[in-house]
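The values are calculated or read from the model by the stated rules, or taken from the named source; none is laboratory data. Note that the structure is a prediction, hence the values are computed from the model and not measured. So basically every Cβ, Gly included, is an ideal-geometry build from the backbone, and we count neighbours across all protein chains shown.
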Ligand SMILES: [Zn+2]
Ligand SMILES: [Zn+2]
């Protein structure tokens, strides 16, 4: 696994976005564990410990997957790859990158911000300041899944906490007059959770079909849709059932990112013309 030579965000927007997640996640965690949890579950009970373990697991995994997406290099290694020779049918899948002035492999696209061609490029992610491509897809999808689950779980708990302590009164205080600092912090953390819930659920709903059908954003049609099991392996690797446990578990992908298995039922315009 190769690491990026410049693994930092490229713009002020990316710096603010990544810092806000790296800071707000632990802040929310501390608030939930020290203020919300002891009021909803008896301290040192089974559910008290269960929630602490689950929250620690989710927080560590979300941040570790995010860091992996920042650090791992998924660009085309032009020193290592050679396009198929002239006349070879596989060469038709390659395209010439005018910026790099090189022949780029199938499904790779140039990123203006990263200034390299990215293997099986999906998009440039502003949260990690890097492209989501062949080698980082797994970390991005795990990040989205865990962040979505964490947002739903944390927002439900927070809502339950507020309903239980009649926060309609707090909202009235917010409009009518002074109120204690704790209630203000509670409402602020809740609004950040709602924003996270909306963003993560939107991302989850968008990427789920891509993962299931083996496609990335720039693919057209079901050309690379080779069945659910294979599609999942193309994202999560051979040990797909373990990768959600930790980003440190290695899981080999079925391809090197330079050539791909094609859906045998997919008919392209080129193949029709060849017939
Ligand atoms: Zn390029
Ligand atoms: Zn990029």
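Here residue 109 fits the description: within 12 Å of ligand 1 (Cβ to nearest atom) and under 22 Å from residue 10 (Cα atoms). Within the range 99-110, residues that are without any contact (Cβ under 8 Å) to a residue 24 or more places away in the chain and on the phi < 0 side of the Ramachandran plot reach partners that are assigned to a loop (DSSP other than H, G, I, E, B) and more than 8 Å from ligand 1 (Cβ to nearest atom) with beta carbons closer than 6 Å, at six or more positions or on different chains, in the pairs 103/83; 103/94. For residue 104, the criteria (1) over 27 Å from the mean Cα position of the chain (by Cα); (2) crowded, with 20+ Cβ neighbours inside 10 Å hold in every case but one, which is (1). Residues that are within 16 Å of ligand 2 (Cβ to nearest atom) number at least 1 in the following helices (runs of 4 or more DSSP H) confined to the range 3-102: 12-31, 46-71. Residue 19 passes every criterion in (1) surrounded by fewer than 17 Cβ atoms within 10 Å (Cβ to Cβ); (2) in contact with a strand residue (DSSP E or B) (Cβ under 9 Å, 6 or more places away or on another chain) apart from (2). Does residue 115 fit the bill of being surrounded by fewer than 16 Cβ atoms within 10 Å (Cβ to Cβ), touching a residue at least 24 places away in the same chain (Cβ under 8 Å) and within 15 Å of ligand 1 (Cβ to nearest atom)? No. The residue of the range 124-138 that is farthest from ligand 2 (Cβ to nearest atom), among those that are crowded, with 23+ Cβ neighbours inside 10 Å and not in a strand (DSSP E or B), is 138.
Just to be sure, is residue 9 within 16 Å of ligand 1 (Cβ to nearest atom) and in contact (Cβ under 8 Å) with a residue 12 or more places away in the chain? Show your work before the answer.
Working: within 16 Å of ligand 1 (Cβ to nearest atom): no; in contact (Cβ under 8 Å) with a residue 12 or more places away in the chain: yes.
When the stated conditions are applied, residue 9 does not pass them.
Could you tell me whether residue 98 is modelled with pLDDT under 90, more than 25 Å from the chain's Cα centre (by Cα) and farther than 23 Å from residue 224 by Cα? It is false that residue 98 is modelled with pLDDT under 90, more than 25 Å from the chain's Cα centre (by Cα) and farther than 23 Å from residue 224 by Cα.
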